[in-house]
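Accompanying notes for the structure given below.
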Amino acid sequence: MIPPRPAGPVAAPHATAGTNVTRVMLWVCAALLPATLFGFWLYGWPAIHLWWLTTASAIAGEALCLRLRRQAVLPSLCDASALLTGWLLALSLPPWAPWWVGVVGGLFATVIGKQVFGGLGQNLFNPAMVARVMLLISFPVPMTAWTAPLPLRSANAPGFVDGLWITFGARPEALDAMSSATLFGYARSELSRGVDLLQSLAATQAPTINLLGERAGSLGETASLLIAAGGLLLLGLRLITWHIPFAMLATLALFASFMHSLDPARYLSVSTHLLSGAAMLGAFFIATDYVTSPNTAAGQLVFGAGVGFLSYVIRTWGGYPEGVAFAVLLMNALTPVIDRYVKPRIYGRDRRGMPLEIES
Amino acid sequence: MRILEKILGRRPHWGVHPDDHKRPAADAPLRSLPLPEVLHVPLQQHVGNPARPVVLVGERVLKGDLIAEPNGNISAPVHAPTSGWISAIGEITAAHPSGLSQLAITITADGADAWCERVPVADPFALAPEEISRRTAAAGVVGLGGATFPAAVKFNLGRRLQVGTLIVNGGECEPYLSSDDRMMRDRAAEVVDGLRIVMHAIGAREALIGIEDNKPQAIAAMRVAAAAFGNVQLRVVPARYPMGSDKQLIQTLTGKEVPADARAAEVGVLVHNVSTCAAVHRAVRRGEPLVERIVTLNGGALTRPGNVLAPIGTPVVDLLRFAGVSERPARLVLGGPMMGIVLPHARVPIVKGASGILAFDAAEARTPPAGPCIRCGSCTRACPMGLLPLEMASRIGVGDLDSAAGLGLSDCIGCGCCAYVCPAHIPLVQFFSHAKGELSARERSRLRNDATRRLAEDRAARLAREAQEKAAANARRKAERDAAKAAVGGGSRLLSTRIADTTSEAAT
């Protein structure tokens, strides 16, 4: 018999759960796929071009920084986190946004949002949301030029080449022809004109349309059902826990129902709040970002509730019609504080860390 | 919180559920190892001081003869695992990844395997509890679950603290291992008799046997064996790692939580492993010292995995040969994969705490490279102690050991759940054991420095005192001298005055 070769000092455990970061990231991407494909169908070729431009530039930004930091580029890119960042950003952009919005956003997300903090796991803020908010503040016009859905196979949907023309800004008149407002934007502008919601919304849409997502909105935000299905997949795979989505949606619903019951003419209903804008995407995919959210169950409840509350406040009284991205960033800033004060109780100790009394 | 727990059921919210890999080894019948030619019996097979040899090289011994006596309060004697002669007393490689050596007594077997004289006891329940402790201690029985704490010391502790409940640990939550499972299936009567003897020894009113639900045959066998005794109850617990850890098993079975820095006995329970109970039965009823144990042989590199009854001191290589090695094992592990240690080579002997020898093939031994932490929180959810492994590791990573200690590093039981689930494959347990070692070294050096400083201060104080005394003595002497001078020289002062007078006269 051959004696075994001397083993190096390898510490226990000698087993792993068989998962890895790449697999986690790719599963999240897979969960985004149905909503993304639906968005592609809904908004056509310009949306597809925007998606690949955004993800490619996010990956390029990551690769550039890794190169500058003299780190191995390929292994780090293989963790697919840059792909996911770019993907999430693309889903939050107006689907017919010009090419440079996607490129600048993608680069900003990974370079400024992530790598300057030290790369994967080090960033304080969600990179995709950092980029989205930067774009929204810096380029408000293209970032709020929404497009009415024009499904791929419909008569005047732009083809592959036309899509490229639109994305690369050669046919701005097409964009003008299609532009529309999101539900929140519309409600806000009507309110400011003195038209109350009961009148302004009566004509526009019922919640079923929100579910299907067939209306103006960003690439992936509006298909609430598909996003939620992807979120449930992540829950089922135990890649995320229920705490953040539940706390965020419950808080949002709580405030929406309270305010709506006070004055339905001024405050949107619960279903509108939950099924429009980035509520679902935010709850399941953005707020649950591991790196920038607390990692204890109790902390996640606090964090989720904070995101839900801030989203409602910004949507209702803030300067922008949609507030999930701002809410997530604000709560990201609070994550270290939450992590500091909300800790699990250690076995055999009380909440303050003192040993328990002996009861016997 | 309690209500929530009731609604959601008692499913433990801690730990992990690794693939158990227990089959087919667990289902293979228990085999006896052919007697090895040479046995290396280490003197340190328990926590506490190593035993002191009481035999000389060349001496003949019978199976069960005392070859080393306990050395100190928390120590255990060592007995000859077979008959033969002492061929060496010297250093061998310890069962430790460092490959450092330890003292061992080497016995060359004569093949007869002849027992020494054993003194059986017909009715152990007629003995005084102290006598049971004494017999258990003399038989060298230590905790066979891996902790190897001398069993009798625990009995005495339990008696002193008037423990009401004995918890019998049949959890065996480590993947791959099935030695306790086999023990319960094949020797349930011995286990139950042993645990009743332990109850008698500590004066416990009841015993709870906790067995994980992945061992149906062991549960059935133990149920039959325990049926006759009303104060012995069998409880099926969910298979969840680390259910076999004292604290988690106590909480699952009794709902009690052992306070930090306290012992289980202080909340009225004592935990003993099933194999330890069987060893107590043999020690007390049959007068047999602990000289053999059931060892699980498992892992992808073995052709006939299973459980064997092996004498203590058997070189691992003999066990591997018996189990058939299909390929060169990529890693040898003593114990289970979650907490076991890597063996430096196969000539290391098995010890009392060796519940299994795992020979991993290349696939099982593959260690994925570590990546950056993505703060996914898997480790936090898995930790059975409610710690924050990722926070502690990041503090340790930047050398801030004190703040890691502040996060509860000392409460870490090293079970490995965190590292098991980590998607970035960060060797968290390594971080923690490094930091624990560093902190205890720092504590030791702090104590040493304190002692040195105290000595230096004492010395300075003594020197100061001496100097003061000397000064005082000098002053006193001077005063005495002056006084003496004053007594003699009342005249001398007169004389000088007179001279002065004359000079002044002369001047005028």
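Here region B:314-341 is the region considered, the condition is being in a loop (DSSP other than H, G, I, E, B) and more than 7 Å from chain A (Cβ to nearest Cβ), and the residue that is nearest to residue B:148 (Cα to Cα) is B:335.
Screening residue A:77 with (1) open to solvent by 20 Å² or more (accessible area, probe 1.4 Å); (2) in contact (Cβ under 8 Å) with a residue 40 or more places away in the chain gives one miss only, at (2).
For residues that are open to solvent by 30 Å² or more (accessible area, probe 1.4 Å) and either within 12 Å of chain A (Cβ to nearest Cβ) or not in a helix (DSSP H, G or I) (or both), tally how many sit in region B:427-436.
The initial filter retains those residues of region B:427-436 that are open to solvent by 30 Å² or more (accessible area, probe 1.4 Å), namely B:427, B:430-431, B:433-434, B:436.
Right, trim to either within 12 Å of chain A (Cβ to nearest Cβ) or not in a helix (DSSP H, G or I) (or both) and you get B:427, B:430-431, B:433-434.
Final tally of qualifying residues: 5.
Filtering region B:365-379 to residues that are open to solvent by 20 Å² or more (accessible area, probe 1.4 Å) and more than 7 Å from chain A (Cβ to nearest Cβ) leaves B:366, B:369, B:370, B:378.
One line per residue, one yes/no per condition, for (1) over 19 Å from the mean Cα position of the chain (by Cα); (2) of a type in the set (A, V, I, L, M, F, W, C):
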| residue | (1), (2) |
| --- | --- |
| B:270 | no, yes |
| B:278 | yes, yes |
| B:298 | yes, no |
| B:301 | yes, yes |
| B:304 | yes, no |
| B:307 | yes, no |
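With respect to residue B:120, is the statement that it is in a loop (DSSP other than H, G, I, E, B), out of contact with any Phe, Trp or Tyr (no Cβ under 7 Å at 6 or more places or on another chain), within 15 Å of residue B:280 (Cβ to Cβ) and not small (Gly, Ala, Ser) true? Yes: the conditions hold for residue B:120.
Of all residue pairs spaced 6 or more apart or on separate chains, those with beta-carbon atoms under 7 Å, a first member in region B:26-37 that is in a helix (DSSP H, G or I) and a second member that is not basic (Lys, Arg) are B:26/B:178; B:26/B:181. So is residue B:416 within 11 Å of chain A (Cβ to nearest Cβ) and open to solvent by less than 30 Å² (accessible area, probe 1.4 Å) or not? Yes: the conditions hold for residue B:416. When you check residue B:356 against the structure, is it within 30 Å of residue B:193 (Cα to Cα), touching a Leu at 6+ places or on another chain (Cβ under 7 Å), at the interface with chain A (Cβ under 8 Å from one of its Cβ atoms) and not hydrophobic (A, V, I, L, M, F, W, C), yes or no? No. Please work out which one of (1) in contact (Cβ under 8 Å) with a residue 12 or more places away in the chain; (2) away from chain B (no Cβ under 14 Å); (3) over 20 Å from residue A:166 (Cα atoms); (4) of a type in the set (A, V, I, L, M, F, W, C) is the condition residue A:82 fails and give its number. Exception for residue A:82: condition (2). Cβ-Cβ contacts under 7 Å between residues 6 or more apart (or on different chains), taken from a first residue in region A:20-33 that is under 15 Å from residue A:120 (Cβ atoms) to a second residue that is acidic (Asp, Glu), are listed as A:21/A:79; A:22/A:79; A:25/A:79.
On the basis of being hydrophobic (A, V, I, L, M, F, W, C), free of Cβ contacts under 8 Å to residues at least 40 places away in the same chain and closer than 18 Å to residue A:330 by Cα, does residue A:129 make the cut?
Values: hydrophobic (A, V, I, L, M, F, W, C): yes; free of Cβ contacts under 8 Å to residues at least 40 places away in the same chain: no; closer than 18 Å to residue A:330 by Cα: yes.
No.
For the subset of region B:403-413 comprising residues that are of a type outside the set (A, V, I, L, M) and more than 9 Å from every other protein chain (Cβ to nearest Cβ), which member is nearest to residue B:251 (Cα to Cα)?
If we filter region B:403-413 for residues that are of a type outside the set (A, V, I, L, M), which is where we start, we get B:403, B:406, B:408, B:410-412.
When the remaining residues are screened for being more than 9 Å from every other protein chain (Cβ to nearest Cβ), the result is B:403, B:410, B:412.
Numbers: B:403: 28, B:410: 19, B:412: 17 Å.
By that ranking, first place goes to B:412.
Residue count for region A:154-177, restricted to those that are touching a Ser or Thr at 6+ places or on another chain (Cβ under 8 Å) and either modelled with pLDDT of 75 or more or under 30 Å from residue A:317 (Cβ atoms) (or both): 0.
Could you list all residues from region B:380-402 that are within 11 Å of chain A (Cβ to nearest Cβ) and either open to solvent by 10 Å² or more (accessible area, probe 1.4 Å) or not in a helix (DSSP H, G or I) (or both)? Walk me through it before giving the result.
Quick first cut of region B:380-402, residues within 11 Å of chain A (Cβ to nearest Cβ) only: B:380-391, B:394.
Across region B:380-402, the qualifying residues are B:380, B:381, B:383, B:384, B:385, B:386, B:387, B:388, B:390, B:391, B:394.
Sub-6 Å Cβ pairs linking a first residue in region B:130-157 that is over 13 Å from residue B:44 (Cα atoms) to a second residue that is among the basic types (Lys, Arg) and open to solvent by 10 Å² or more (accessible area, probe 1.4 Å), at least 6 apart or interchain, number zero. Are any residues in region A:35-70 part of a helix (DSSP H, G or I), free of Cβ contacts under 8 Å to residues at least 60 places away in the same chain, surrounded by fewer than 24 Cβ atoms within 10 Å (Cβ to Cβ) and not aliphatic (A, V, I, L, M), and if so, which ones? Within region A:35-70, A:52, A:55, A:65, A:67 meet the criteria.
Do the conditions hold for residue B:56, that is, is it surrounded by fewer than 16 Cβ atoms within 10 Å (Cβ to Cβ) and either touching a helix residue (DSSP H, G or I) at 6+ places or on another chain (Cβ under 9 Å) or within 25 Å of residue B:112 (Cβ to Cβ) (or both)? Against the criterion (surrounded by fewer than 16 Cβ atoms within 10 Å (Cβ to Cβ) and either touching a helix residue (DSSP H, G or I) at 6+ places or on another chain (Cβ under 9 Å) or within 25 Å of residue B:112 (Cβ to Cβ) (or both)), residue B:56 qualifies. Across region A:317-331, the qualifying residues are those that are open to solvent by 20 Å² or more (accessible area, probe 1.4 Å) and touching a helix residue (DSSP H, G or I) at 6+ places or on another chain (Cβ under 7 Å), and the one among them that is modelled with the lowest pLDDT is A:321.
Determine if region B:301-309 includes at least one residue that is of a type outside the set (A, V, I, L, M), within 8 Å of chain A (Cβ to nearest Cβ) and either open to solvent by 30 Å² or more (accessible area, probe 1.4 Å) or without any contact (Cβ under 8 Å) to a residue 24 or more places away in the chain (or both). Taking every residue of region B:301-309 in turn, none turns out to be of a type outside the set (A, V, I, L, M), within 8 Å of chain A (Cβ to nearest Cβ) and either open to solvent by 30 Å² or more (accessible area, probe 1.4 Å) or without any contact (Cβ under 8 Å) to a residue 24 or more places away in the chain (or both). Criterion first (modelled with pLDDT of 95 or more and out of contact with any Cys (no Cβ under 6 Å at 6 or more places or on another chain)) does residue B:314 satisfy it? When the stated conditions are applied, residue B:314 passes them.
Evaluation of residue A:269 against the conditions (1) out of contact with any His (no Cβ under 7 Å at 6 or more places or on another chain); (2) away from every other protein chain (no Cβ under 14 Å) shows that the sole unmet condition is (1).
Please go through region B:252-300 and pick out each residue that is within 14 Å of chain A (Cβ to nearest Cβ) and of a type in the set (D, E, K, R). Outline the logic, then answer.
Here is the first cut: in region B:252-300, the residues within 14 Å of chain A (Cβ to nearest Cβ) are B:252, B:254-270, B:297-300.
Of everything in region B:252-300, those that are within 14 Å of chain A (Cβ to nearest Cβ) and of a type in the set (D, E, K, R) turn out to be B:256, B:257, B:261, B:263, B:266.
Residues of region B:226-235 that are of a type in the set (Gly, Ala, Ser) and within 30 Å of the chain's Cα centre (by Cα): B:226 alone. Count of region B:51-100 residues, restricted to those that are hydroxyl-bearing (Ser, Thr, Tyr) and within 15 Å of residue B:141 (Cα to Cα), is 1. Does region B:157-200 hold any residues that are over 28 Å from residue B:296 (Cβ atoms), buried (at least 24 other Cβ atoms within 10 Å of the Cβ) and of a type in the set (A, V, I, L, M, F, W, C), and which are they? Residue satisfying the conditions is B:163 alone.
The values are calculated or read from the model by the stated rules, or taken from the named source; none is laboratory data. This is a predicted model, so every value here is computed, not measured. Glycine gets a Cβ as well: all are built from the backbone with ideal geometry, and neighbour counts include every protein chain shown. These area figures cover heavy atoms from the full protein model, side chains too; ligands, DNA and RNA do not enter into them. Shrake-Rupley method; radii C 1.70, N 1.55, O 1.52, S 1.80 Å.
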